[in-house]
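So the structure is just underneath, and the comments pick up after that.
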Amino acid sequence: MDTQNPSAPPRAQSRIAGKNHPGRPNRHPHSGVVHDNTRHTTRFTVIGNHLAQHPELSGLAIGLAVYIQSLPTGARVDIKTLAARFPEGPTRIAAALRELETHGYLRRTRERTHAGRIVTRTISCNQPGHHGTPADTPSRPTRRPDPAERPPRKLLPAVPQPAHTSPTLLRTAIDLLVGLRRHDSRLLLSVTDTEHLAPGVATWLERDLTPTAVQHALSADLPPEDLRRPAALLAHRLAAQLPPPPPFRVPAPPPDVRHPLQNCEGCDRAFRSPGPGRCRECRCSHDGGRPA
């Protein structure tokens, strides 16, 4: 009688389906689609399942959405162009585009061009409800700003005005302002700013200050950060730190005029006079003792 081995199974046991590798799909299902995928490296478009498996869109609408999203920016997607590309007629294509508009995959707006024409702009949304980056959406043509619409230039603070305008004094003031950039490169002024500040510098020079003193007052103790408006800072200093006028001085008397020596025509004595004639004694005797 043969002996039995209780540790050896009587026949080969098969693994229960579904328990071989939990969580791993079956590689060879008995029915349904089998994917034979190859990874794309060029010329591909990423399409979300929310579009590819949309429960309410028709197959034509899904296909048109995929085709439109694969086109480059600026391609024509009007009904006539799409009808020439696909076998469906304009009526079915127009209905499919309306489906995409209803579900947010297309936006169509009407805009006026620079030439005055009204055009329809189509915007494709690969994920409705989310706004893409400016690179994903076509940008509007840039419009050259009208000079009348530009914001007005900020005016500079008023500066003191000299009591007497002198071309030489203004020229010295302009040279002083132009030379400020040699002391601090941030004090680079435009022609307009220089012309505005020159009268203020001339006022300082008019009050008996040397150009070196004015230059030091304008360029010393500047803030360490960048100067956004150096001309405005200089205008403020010219007005806020204006020194008082010099004290009044009594004008010196004019010097005595020394006339040249002349020979008297009466007594031949020398006397000082602006022109030839008689001395004082001769004029008195000649007029009867009365001084001329």
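Checking ALA83 against (1) of a type outside the set (D, E, K, R); (2) outside any helix (DSSP H, G or I); (3) surrounded by 10 or more Cβ atoms within 10 Å (Cβ to Cβ); (4) more than 46 Å from the chain's Cα centre (by Cα), which single condition isn't satisfied?
(2)
Identify the single condition in (1) over 24 Å from the mean Cα position of the chain (by Cα); (2) crowded, with 19+ Cβ neighbours inside 10 Å that ASP175 does not satisfy, given that it satisfies every other one.
Condition not satisfied by ASP175: (2).
A quick yes/no check of all residues on (1) modelled with pLDDT of 90 or more; (2) of a type outside the set (A, V, I, L, M); (3) farther than 30 Å from ILE123 by Cα:
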position	(1), (2), (3)
PRO138	no, yes, no
ALA148	no, no, yes
PRO160	yes, yes, yes
ALA163	no, no, yes
HIS196	yes, yes, yes
PRO211	yes, yes, yes
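Taking the range 206-240 as the region of interest, how many residues are under 15 Å from THR172 (Cα atoms), open to solvent by 20 Å² or more (accessible area, probe 1.4 Å) and of a type in the set (A, V, I, L, M)?
Result for the range 206-240: 2.
Every residue in the range 165-194 that is β-branched (Val, Ile, Thr) and modelled with pLDDT of 90 or more, please.
THR168, THR172, ILE174, VAL178, VAL191, THR192, THR194 - these are the residues of the range 165-194 that are β-branched (Val, Ile, Thr) and modelled with pLDDT of 90 or more.
Find the residue count for the range 70-119, including only residues that are acidic (Asp, Glu) and at positive phi.
Of the residues in that region, 0 qualify.
Residue by residue, here is whether (1) assigned to a loop (DSSP other than H, G, I, E, B); (2) within 21 Å of LEU71 (Cα to Cα); (3) at pLDDT below 55 holds:
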| site | (1), (2), (3) |
| --- | --- |
| SER14 | yes, no, yes |
| LYS19 | yes, no, yes |
| ARG27 | yes, no, no |
| SER31 | yes, no, no |
| HIS35 | yes, no, no |
| ARG43 | yes, yes, no |
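Checking LEU60 against (1) of a type outside the set (D, E, K, R); (2) touching a helix residue (DSSP H, G or I) at 6+ places or on another chain (Cβ under 9 Å); (3) open to solvent by 50 Å² or more (accessible area, probe 1.4 Å), which test does it fail?
Going through (1) of a type outside the set (D, E, K, R); (2) touching a helix residue (DSSP H, G or I) at 6+ places or on another chain (Cβ under 9 Å); (3) open to solvent by 50 Å² or more (accessible area, probe 1.4 Å) one by one, LEU60 breaks only (3).
Mind telling me which of the residues SER70, SER58, SER124 ends up being in contact with an Asp or Glu (Cβ under 7 Å, 6 or more places away or on another chain) and among the hydroxyl-bearing types (Ser, Thr, Tyr)?
SER58
Look through the range 110-131, keep the residues that are in a loop (DSSP other than H, G, I, E, B) and open to solvent by less than 50 Å² (accessible area, probe 1.4 Å), and return whichever of them is modelled with the lowest pLDDT.
The residue in question is GLY116.
Tally up the residues in the range 161-200 that are in contact with a Gly (Cβ under 9 Å, 6 or more places away or on another chain) and assigned to a helix (DSSP H, G or I), please.
Qualifying residue count for the region: 1.
Which residues, counting only those in the range 87-109, are part of a helix (DSSP H, G or I) and in contact (Cβ under 8 Å) with a residue 40 or more places away in the chain?
Once the filter is applied, which keeps residues that are part of a helix (DSSP H, G or I) and in contact (Cβ under 8 Å) with a residue 40 or more places away in the chain, the range 87-109 yields GLU99, LEU100.
Using beta carbons and a limit of 6 Å, which pairs, at least six apart or on different chains, have the first residue in the range 182-210 and under 17 Å from ALA163 (Cα atoms) and the second one open to solvent by 60 Å² or more (accessible area, probe 1.4 Å) and not in a helix (DSSP H, G or I)?
PRO199/GLN161; ARG207/PRO245
Among the residues of the range 241-263, is there at least one that is out of contact with any strand residue (DSSP E or B) (no Cβ under 8 Å at 6 or more places or on another chain), under 17 Å from ALA158 (Cβ atoms) and open to solvent by less than 100 Å² (accessible area, probe 1.4 Å)?
Within the range 241-263 (the criterion being out of contact with any strand residue (DSSP E or B) (no Cβ under 8 Å at 6 or more places or on another chain), under 17 Å from ALA158 (Cβ atoms) and open to solvent by less than 100 Å² (accessible area, probe 1.4 Å)), the answer is yes, since at least one residue qualifies.
The values are calculated or read from the model by the stated rules, or taken from the named source; none is laboratory data. Owing to the predicted nature of the structure, the values given are computational and were not obtained by experimental measurement. Reconstructed Cβ throughout: ideal geometry from the backbone, glycine too, with neighbour counts over all protein chains shown. Keep in mind that these areas ignore ligands, DNA and RNA; they rest on the heavy atoms of the full protein, side chains included. Shrake-Rupley method; radii C 1.70, N 1.55, O 1.52, S 1.80 Å.
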